[in-house]
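The values are calculated or read from the model by the stated rules, or taken from the named source; none is laboratory data. In this text the structure is predicted, and so the values were computed from the model without any measurement. Note: ideal-geometry Cβ built from the backbone for every residue, glycine included; neighbour counts use all protein chains shown. The accessibility values were calculated without ligands, DNA or RNA, using every heavy atom of the protein model including side chains. Shrake-Rupley method; radii C 1.70, N 1.55, O 1.52, S 1.80 Å.
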Amino acid sequence: MIEVRDLHKSFGKLEVLKGISTRIDKGEVVVIIGPSGSGKSTFLRCLNLLERPNRGEIKIEGKSLMDPCTDINKIRQDVGMVFQHFNLFPHKTVIENITLAPVKVRGVNPKEAQERAMELLNRVGLAGKAGCYPSSLSGGQKQRVAIARALAMNPKVMLFDEPTSALDPEMIKEVLDVMKDLAAEGMTMVVVTHEMGFAREVGDRVMFMDEGMIVEEGRPEEIFERPQNQRTREFLSKIL
Amino acid sequence: MTNLDFTIVLPYINLFFRGALTAVEITLLAVLIGIFIGTFVGMGKMSRVLILKLICSTYVEIIRGTPLLVQLLIFYFGLPQILGFTIPEFPAAVLALGINSGGYVAEIVRGGILAVDRGQMEAARSLGMSHAQAMRYIILPQAFKKMIPPLGNEFVTLLKNSSLATTIGFQELTRAAQIVAGSTYRPFEPYITAAAFYLIMTLGFSWILGVLERRLAAGD
């Protein structure tokens, strides 16, 4: 579903990604872990071109993101993204946050979009908040709305960029639970996170990144129980 | 002090009211033109198209780097020499003030857009919106909220600057004071009256603006 080949990205002189190659299959949940500054968020943001790679190739369902003829807006419609800081639209109500893109971008009729939005809000347990503004929600609630907003576009893959890092500890679970449900339903997911419990339990594959490279990847139990690489071992010993 | 007599302006008070009304008219129209120009120029200054950026920056620099009075004189007295026809006082004043205001509003617009969190654009784009859609539905509405206080200042400044239209012989509030001063031979009272009119208008407007700001802040 997603193919990445020899991806390089620099910010000025700083080389953040030094040749990433991998593939993500349909229905797979890939969890990316690694120390801060390892390039994991940058890698994720390259997958919907929020960052433009300097070289390499990304293909989503066979379509090249690096090809100048590709309509990136079209591709992004199928790639949902959830951000660390939620990035809800503060001037729109919860339901407007969710219906805006389907109506304006996909051209769904407003009534249908409303119904679908309510369905999604039910699913993330926030149907009662439809008419509220984001400022009145807790962090966990904001993030659940953000997930619903991304899902409203019926994406084929969901990217999560440290979705629980900005949350108070007691709110992390409610967001992770939503993500678990999503994984159980077969959604293709790429998740950058520090939640090792989630990685172990939900991940089909764990990818350890350090200094702009994929150091090691494999099934969660392999990475967590029998890490092969010295750097992986060091990282895991620090956080587990 | 003993010879002060404000009753002398009373026979002319309608002149002051008409002048005040005209000042508000000029200002409102000029601000509308200013916002229209400023929105495009402000966004133009942030454009990635170099030539557009250059044109818009130059416009802002010229407007902000030259006195409004001179701009007004160029518009009313200078342009007819080139155009071959005169622009009547009212449109000349409105256009000159509006074009001037556009330069300042451009900076206000730019500041407002830059003040919107970068994540908003990213979130909008990640949902598949084009840059233009993201601007229209997400960035500009939020930027506009942030622009209201400085736009209010701009309105107050423009209201006061409308007094410069006197120099092209336009009948507004300051001109009314001049006329009364001329016909009564008492300049102090009419000019103080004019000043009081300006003050009441600017204070009143600032109050309305404060209410508006609180209303909008409630939505956040």
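For region A:57-204, what D do you get in µm² per second when you plug the Kirkwood radius from alpha-carbon pairs into Stokes-Einstein at 37 °C and 0.692 mPa s? Could the numbers behind the result be given before it?
Values: Rh = 15.9 Å.
The diffusion coefficient I find is 207 µm²/s.
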Exercise for the section: Run the numbers on region A:67-81: which residues show a drop of 40 Å² or more in accessible area, chain on its own versus all protein chains together, using a 1.4 Å probe over heavy atoms? Expected result: A:N73, A:R76
Handout entry: Residues B:E213 and A:E57, FRET efficiency given R0 of 56 Å [Cβ-Cβ distance, rounded to 0.05]
Key = 0.65
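If you count only protein heavy atoms with a 1.4 Å probe, what accessible area per residue comes out for the protein assembly as shown, rounded to a whole Å²?
Numbers: 22000 Å² over 460 residues.
Computed with neighbouring chains in place, this is 48 Å² per residue.
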Handout entry: Distance in nm between pseudo-label sites at B:F6 and A:S135 (7 Å out along the Cβ direction from Cα)
Key = 4.1 nm
Problem - Pair A:S165, A:I239: separation of 7 Å Cα→Cβ label points (nm) - result: 1.0 nm
Problem - Karplus-derived 3J(HN,Hα), 6.51/-1.76/1.60, for each residue of region A:180-191, Hz, glycine and proline x - result: 4, 4, 4, 5, 5, 7, x, 5, 6, 9, 10, 10
Practice task
Work out, step by step, the length gained on full extension between B:F40 and B:Y185: first 0.36 nm times the residue separation, then minus their alpha carbon distance; give nm to one decimal.
Solution key: 47.4 nm
Handout entry: Cross-link partners of A:K180 among lysines (Cα-Cα below 18 Å; sequence separation of 8 or more within a chain)
Key = A:K26, A:K142, A:K156
Practice task
Report relative contact order for region B:6-219 in percent, whole number only (criteria: Cα-Cα under 8 Å, sequence separation at least 6).
Solution key: 30 percent
Exercise for the section: With a 1.4 Å probe on protein heavy atoms only, work out how much accessible surface B and A bury together, total over both chains, in Å² to the nearest 100. Expected result: 1800 Å²
Practice task
For B:K160, go through the aspartates and glutamates and keep the ones whose alpha-carbon is under 15 Å away, minus same-chain ones fewer than eight residues off.
Solution key: B:E25, B:E172
Handout entry: Per-residue ³J(HN,Hα) for region A:149-162, Karplus 6.51 cos²θ - 1.76 cosθ + 1.60, θ = phi - 60°, Hz, x for Gly and Pro
Key = 4, 5, 5, 4, 7, 6, x, 8, 8, 10, 9, 10, 9, 6
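For B:L199 and B:Q81 in the same chain, what is the full-extension length gain: residue separation times 0.36 nm, less their Cα-Cα distance, in nm?
Here the answer is 38.8 nm.
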Problem - FRET efficiency for A:K180 and A:D78, using Cβ-Cβ distance with R0 set to 22 Å, rounded to 0.05 - result: 0.50
Completion exercise
Across A:87-94, the residue-averaged tally of Cβ atoms belonging to other chains within 10 Å stands at 6
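In this model, which of A:K59/A:K92; A:K63/A:K92; A:K173/A:K238; A:K18/A:K63 are farther than 26 Å apart at the alpha-carbon?
Details: A:K59/A:K92 34 Å; A:K63/A:K92 33 Å; A:K173/A:K238 22 Å; A:K18/A:K63 23 Å.
Where the Cα-Cα span goes over 26 Å, the pairs concerned are A:K59/A:K92; A:K63/A:K92.
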Exercise for the section: With an 8 Å cut-off on Cα pairs and a minimum separation of 6 or more residues, tell me the relative contact order of chain A in percent. Expected result: 27 percent
Exercise for the section: Sketch the reach of a paramagnetic label on A:E221 as a point 7 Å from Cα along Cα-to-Cβ, and name the residues of region A:180-199 whose backbone nitrogen lies under 16 Å away. Expected result: A:199
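In Å³ and rounded to a whole number, note down the convex hull volume per residue for the Cα atoms of region B:52-207. Could you put the intermediate results ahead of the total?
Values: hull volume 22.1 nm³, N = 156.
Considering the Cα atoms of region B:52-207, their hull volume per residue is 142 Å³.
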Exercise for the section: For A:V157, list long-range residues whose amide hydrogen, built 1.01 Å from N in the peptide plane, is under 5 Å from its own amide hydrogen. Expected result: A:G80
